[in-house]
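The values are calculated or read from the model by the stated rules, or taken from the named source; none is laboratory data. What you are looking at is a predicted structure, and each value in this text was computed from that prediction instead of being measured. All Cβ positions, glycine included, derive from the backbone under ideal geometry; neighbour counts span all protein chains shown. Ligands, DNA and RNA are excluded from the accessible area calculation, which covers all protein heavy atoms including side chains. Shrake-Rupley method; radii C 1.70, N 1.55, O 1.52, S 1.80 Å.
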Amino acid sequence: MSIPNLLAVARLILTPVAMALILAGVDSQATRAAATVVFVIAALTDFADGYLARRWQLTSTLGAFLDTVADKILVAGALLALVEVGTVSTWVAFIIIAREIAIMGLRSVAALDQSTVPPSWWGKSKAALQFTAIAFAILRLDIVIGPWRLDQWLMAAAVVVTVVSAGDYFSRFRSVFTTARVKD
């Protein structure tokens, strides 16, 4: 297994660790800080595995699959833990997770027609903003800007970019739905 693929597996392994720390850190700033560090390390493996795979020309179908699944599991796991401790709204988690499922569906339909849906600038921006918003939501610093804390503003921005990126993908690849054929 290549180093980029090992980084994606590490992200999968770190997800339940981050979740456990989020759930345990409700009343402990030190535990929330530890959860944030674990989450940020996991998030950084996302950027590292893609960079290394391209740089070392180690891209593969398995690697792309592991990377995508590990990203979605990390984000969904962290959001679900944050909903459980009351830091993130259920609606925020729903919108973000639903977008991830929808784009995975789009990629599946494209694959039926031997097409691909490559990452876009919006998708990469969405990932970076989601990771940042989640890290701040885990840490829960008491930085208030107007009616909300900083982490709430970041999460709101993440939701907007998440929705915009979904619209971008579906508008750019709407032809997938008119040309893809389901094979029995």
Inset, instruction - Largest first and in whole Å, give the semi-axes of the chain's equivalent ellipsoid, each being the square root of 5 times a Cα gyration tensor eigenvalue. - result: 30, 20, 13
Legend entry - Between 0 and 90°, nearest 10: helix 61-84 axis offset from the chain longest Cα axis: 30 degrees
Legend entry - Pairwise label distance in nanometres, Trp121 with Met1, each label 7 Å out on the Cα-Cβ vector: 3.5 nm
Inset, instruction - Using 0.36 nm per residue of separation minus the Cα-Cα distance, give me the extension gain between Leu62 and Leu80 in nm, one decimal. - result: 3.8 nm
Inset, instruction - Enter the per residue convex hull volume of region 45-89, computed from alpha-carbon coordinates, in Å³ rounded to the nearest integer. - result: 59 Å³
Inset, instruction - Under 12 Å from the Cβ of Ala24, count the other residues' Cβ atoms, weight Lys and Arg +1, Asp and Glu -1, and hand me the total. - result: -1
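Ignoring the sites themselves, what is the longest stretch of the chain with no trypsin sites (Lys or Arg not before Pro) in a DSSP loop and at most 15 other beta-carbon atoms within 10 Å?
1-173
In debye, nearest 20: dipole of the chain around its Cα centre with unit charges on the Cβ of K, R (+) and D, E (-)?
That gives a dipole near 420 debye.
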Inset, instruction - Could you tally the net charge around Gly167, taking each other residue with its Cβ under 13 Å from the Cβ of Gly167, Lys/Arg +1 and Asp/Glu -1? - result: +3
Legend entry - Carbon plus sulfur fraction of accessible area for region 48-184, probe 1.4 Å, in percent: 67 percent
Inset, instruction - Quick one: angle between helix 121-139 and the longest Cα principal axis of the chain, in degrees between 0 and 90, rounded to 10, please. - result: 20 degrees
Legend entry - Accessible area expressed per residue, the chain, with surrounding protein chains retained (probe 1.4 Å, Å²): 53 Å²
Legend entry - Around Ala135: net Lys/Arg minus Asp/Glu count, Cβ-Cβ under 11 Å: +1
